[in-house]
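*Asks:* Right, I'll just put the structure down here and ask away after.
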């Protein structure tokens, strides 16, 4: 039987792995300026990956350590978590970055004063989704471990 602390650790691990991979996906899409293609690719895999993440505890054998289940669930949830900021990035005019560069903003200043304020709400929504889905995965892991 899993304890409350192990469920909390599972939720935290799932959410952190998912958010890190989602940030990596969004950052790569921003750097290579392929938000549209990345967005379409993520939309194609978001539903199957999310369903696989939720039902993963029922599909794997019991002796598998829960840390690995948490990490795989987080990786499977990352497309869903990356879609939210990418939707916002698609709607931002590309001239804003050029304008910021012409005004003398370096990369760090553009990130701090342009990108983070524009992405604040989508990033908070991704954080909330990561916590809720991590908790859902922990509950599924608890139900799968019951006899």
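The values are calculated or read from the model by the stated rules, or taken from the named source; none is laboratory data. None of the values given here were measured: they were computed from a predicted structure. No Cβ is skipped: glycine too gets one built from the backbone with ideal geometry, and neighbour counts run over all protein chains shown.
*Asks:* Does residue 45 satisfy the criteria of being under 19 Å from the mean Cα position of the chain (by Cα) and closer than 22 Å to residue 32 by Cα? It would help to see each step written out before you state the result.
*Replies:* On the way: under 19 Å from the mean Cα position of the chain (by Cα): yes; closer than 22 Å to residue 32 by Cα: yes.
Taking the combined requirement at face value, the residue satisfies it.
*Asks:* Something else: Tell me, yes or no, whether the range 8-27 has at least one residue that is at negative phi, surrounded by fewer than 22 Cβ atoms within 10 Å (Cβ to Cβ), at pLDDT below 85 and not in a helix (DSSP H, G or I).
*Replies:* Within the range 8-27, not a single residue is at negative phi, surrounded by fewer than 22 Cβ atoms within 10 Å (Cβ to Cβ), at pLDDT below 85 and not in a helix (DSSP H, G or I).
*Asks:* Can you find a residue that is part of a loop (DSSP other than H, G, I, E, B) and loosely packed, with under 12 Cβ neighbours inside 10 Å anywhere in the range 42-58?
*Replies:* Here is the first cut: in the range 42-58, the residues part of a loop (DSSP other than H, G, I, E, B) are none.
No, because not a single residue in the range 42-58 is part of a loop (DSSP other than H, G, I, E, B) and loosely packed, with under 12 Cβ neighbours inside 10 Å.
Conditions (1) modelled with pLDDT under 85; (2) more than 14 Å from residue 14 (Cα to Cα), marked per residue:
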position	(1), (2)
59	yes, yes
62	yes, yes
67	yes, no
118	no, yes
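*Asks:* Could you please give the count of residues in the range 100-134 that are closer than 30 Å to residue 58 by Cα and over 14 Å from the mean Cα position of the chain (by Cα)?
*Replies:* Summing the residues that are closer than 30 Å to residue 58 by Cα and over 14 Å from the mean Cα position of the chain (by Cα) in the range 100-134 gives 0.
*Asks:* For the range 1-39, how many residues meet the condition of being farther than 22 Å from residue 136 by Cβ and more than 16 Å from the chain's Cα centre (by Cα)?
*Replies:* Number of matching residues: 6.
*Asks:* Additional query: Residue pairs, Cβ under 7 Å, 6 or more apart or interchain, first in the range 28-51 and under 24 Å from residue 115 (Cα atoms), second loosely packed, with under 14 Cβ neighbours inside 10 Å. List them.
*Replies:* 35/90; 36/90; 39/90
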